[in-house]
Every structure is written in C-alpha cells, then in structure tokens.
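Below is one structure, written out as structure tokens; comments come after it.
All of the numbers you see were taken from the coordinates with simple rules; none came from a lab. The structure presented is a predicted model; accordingly, all values stated were derived computationally and were not measured. FYI the Cβ positions are ideal-geometry reconstructions off the backbone, even for glycines, and counts take in every protein chain you see.
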C-alpha cells in the first residue's frame, strides 16, 4: 500500500545524500531527517514498507543502469531502475514481517549487514554520516533501539521517555565527538590529476593519443613543479599498459624524477585485470583489483547463468580476474594501501592493513552526471571513520 508516509520515509532517508550532492550540508537538518526516517521505518506497515523501500532504492540507485548506455542497451535502463527498487522493497518488507516494534528494530540492525548480490552501497547507517551522531554499529544499534523504545512507551511514560531519549542522544553526540580521529596527511607533495573525460570518448581509439598525451603532460608539469608523487585516475591510460612498451618505457624514465600512480588494464596469460601501476626509480609494481563491481566487472551468479548474461549483454566478454589480496605500495618511504573505485567501499580491501593512508583511484564517468560520485564520497567517509584512515581520492568525473 502506497501512502504519503512511505514517500516521506524515502525522502527523509535520502535527504543527506541529496544535500551533499548540492553542497548544502546542514548537520542539524541531516540529523533530524535521519531520525524521522527511522521513526517512520519503525512504524510503517508491511505493505507501506515495500513502497518505502522501493522509493528509497530508486532515489539512491537510479543511476545504476547508466553504464548500459555505453553497451547500446539503453532500453534496459528503466527495467534496471524498477528491478533495483523492487529488490529494496522486498528488503524493507523483512523489517515489518512481524508487527512488533522491537522486532522491527532488530531486523533493521540485522539488515545493516546484508548486501544484495554483493553490492554494499546501501547502508542503513549512512543517513547519519553528516549528522551529530556516528555510524559505528554500536551507535546505530543504540539509535534504533532508543527510537523503538521511545515509540513503544511514549504514551505510557511520556516524561520519562522524553528524558531518556534526550540523555541517550546527547551521550551519542558526545561519544561521536570523542571518537573522531584526525590522521595527519603524508609528508609528501602530491599532485592529484582529476580528469573529465566522457565515457564514450575514453575507450574510443580516436581519442586515445590525446588522452595519453594529456596524461604525460600532467606528469611532466608535476615534475616541473617539484611534486614528489602524482596520482592519476582508474584506467587513466585506456589500454593494456603492460603491452604498450613505448608508454611503459616513458613512464619508467619519468619515474626517476617523480613517483607515479596510475590506473590501466593489465593482461597476463590471457587473463585481464583492472589494475594500478606504481612507477618509481625506473621500476614498476602492479596491484590488481581485489573486489569487482557486481554486474559491472563480474556477474555474481552461478557460472552457466553468468556466461549466458555475458553472451547476451556483453558480446561474450569475460569477467575481470582478481588478485588474492590487497596491495600496499611503499612510496618514498611512506606506505599507501591501494584501492580501485568500488573496492575502496568494501571491508575486504582493509584486511591486514599496515598503514592509515589509502590511495583511491576511480572512473566515475560511467555514471555522470548523477549522485553516484557523491554516494561514493559518503561511503569513503564511512570507512574513513570506521578504520581511522586518511584517503587521497583521484577520479575521472
């Protein structure tokens, strides 16, 4: 059943995402919107929850189908938007399977660990990322159950409930302030070469020479300006770099004057990887991507279904391969964990972490203009707080 409450819940849940997109972050309003979103989520009926989830999924992920435009599959975009909304509608229905508010609170907390099809960009905690509260699991648990108990008992113990929720929220605000960490930036002069190349041009051979020339010019300018390190985006060189000897040799020569981190493809034994190349002092180290984008770089389904989808929609293209573990580069004595786009927003890339410094390179050209880069930025902020990290982000937008 669609009601205005379903729409309000989705709007409140998406409020901070869109204010961030518009650079209109007002922490007080974000906090109120997040509290209102979860208050409604705890009180909606099962049927209302489906439409609340459907609209939330659409508000957050209407851009997911954009990449199909570049495969001449634009007709699938509306179907994908509807499918995404349907999946999150079903997810939200699970919250109201039983009409008990403590059960609903528990299910919201449990579902904060669930990632449909391995895609983890929907996080129940994220509305609080630009608020007075933190986003740790402990804080999220306390917020949800405090709201649930307040709703359940506010008519019986009005004054006590109001005092209780005020004490808990003030305590959570203080806890969030106390646990904020500020990592000092690395003691290197770093050039961040963000680009703005349309996705339909990026892999067009007509534009390849200009893209390569612009990249090399940016590196030379960084050398001229005495930078220690330059970072270029994901697939900044739109080719298989280890098979392009002339470009590789040039980068090796330039690396005597500056350290270089850049994205490109890597091929070995007929297998293809989305990779980061690190050049320093005439040597190169390659970090292959560990976590692939579901349905973008890999189809997270059984082999026969995966092959059928690849044949039907991607002209038989194979999924990218992955590395076994994340890579840490040591750049002029400073350690940096490598993360390529989507994997920067997954826990896997932070396993066995031996440094607070993360280099994230992205190609968001698949999804611009949209809220996708904003959502990625908020998710990176989430992981920054979770692990106490310092991120250096370079993108193609």
Query raised in the report: Where the centre of each part is set by its Cα atoms, how far does region 341-397 sit from region 91-123, in angstrom?
Result: 24 Å
Query raised in the report: If you stretched the chain out fully between residue 224 and residue 74, how much longer would it get, using 0.36 nm times the residue separation minus the C-alpha to C-alpha distance?
Result: 49.6 nm
Report task. Tell me the Kirkwood hydrodynamic radius of region 45-128 in angstroms, computed as one over the mean inverse distance between distinct C-alpha pairs. Result -> 13.6 Å
Query raised in the report: Could you state the principal axis extents of the C-alpha atoms in region 4-178, from the largest down, to the nearest angstrom?
Result: 60, 36, 28
Requested in this report: Hey, could you grab the Kirkwood Rh for region 1-95? Inverse mean 1/r over distinct alpha carbon pairs, Å, one decimal.
Outcome: 13.9 Å
**Report entry** DSSP beta bridges in region 190-396 [antiparallel fraction, %, rounded to 5]
**Finding:** 50 percent
Requested in this report: Just grab the label-to-label distance for residue 352 and residue 217, each label 7 Å out from Cα along the Cβ direction, in nm (one decimal).
Outcome: 4.2 nm
Query raised in the report: So how tilted is helix 303-313 from the main axis of the chain? Cα-based, degrees 0 to 90, rounded to 10.
Result: 70 degrees
Report task. Find the centroid of the Cα atoms in region 202-221 and in region 9-70, then give the distance between the two in whole Å. Result -> 39 Å
Query raised in the report: What does the convex hull of the Cα atoms come to per residue for the chain, in Å³?
Result: 149 Å³
Query raised in the report: Taking only Cα atoms, what is the 0 to 90° angle, nearest 10, from helix 4-21's long axis to the longest principal axis of the chain?
Result: 40 degrees
Query raised in the report: If you average the sequence gap of Cα pairs under 8 Å that are 6 or more apart and divide by the length of region 158-237, what percent do you get for the contact order?
Result: 39 percent
Query raised in the report: In deg cm²/dmol and to the nearest 500, what is the mean residue ellipticity at 222 nm of the chain if only DSSP H runs of at least 4 residues count, each as -39500 (n - 2.57), divided by the residue total?
Result: -14500 deg cm²/dmol
Query raised in the report: log10 I(q)/I(0), Debye, Cα-only region 190-396, no solvent, q = 0.09, 0.13, 0.16, 0.17 Å⁻¹?
Result: -0.34, -0.73, -1.12, -1.27
Query - Debye intensity ratio I(q)/I(0), log10, region 314-397, q values 0.17 Å⁻¹ (C-alpha model) - result: -0.74
Query raised in the report: Roughly how many nanometres apart are two label points built 7 Å out from the Cα toward the Cβ at residue 204 and residue 381?
Result: 3.5 nm
**Report entry** Convex hull volume of region 181-304 per residue (C-alpha atoms, cubic angstrom)
**Finding:** 158 Å³
Report summary line: Computed over region 61-175, the relative contact order (Cα-Cα under 8 Å, seq sep at least six) in percent reads 17 percent
Query raised in the report: What whole-number value in cubic angstrom gives the convex hull volume per residue for the C-alpha atoms of region 204-251?
Result: 81 Å³
Report summary line: Of region 117-131, those with amide N under 13 Å from the point 7 Å along the Cα→Cβ vector of residue 173 are 131
Query raised in the report: Roughly what % of DSSP beta bridges within the chain run antiparallel, to the nearest 5?
Result: 50 percent
**Report entry** Rounded tilt (10° steps) of 158-178 against the dominant C-alpha axis of the chain
**Finding:** 20 degrees
**Report entry** Relative contact order of the chain, pairs being alpha-carbon contacts under 8 Å that are 6 or more residues apart, as %
**Finding:** 15 percent
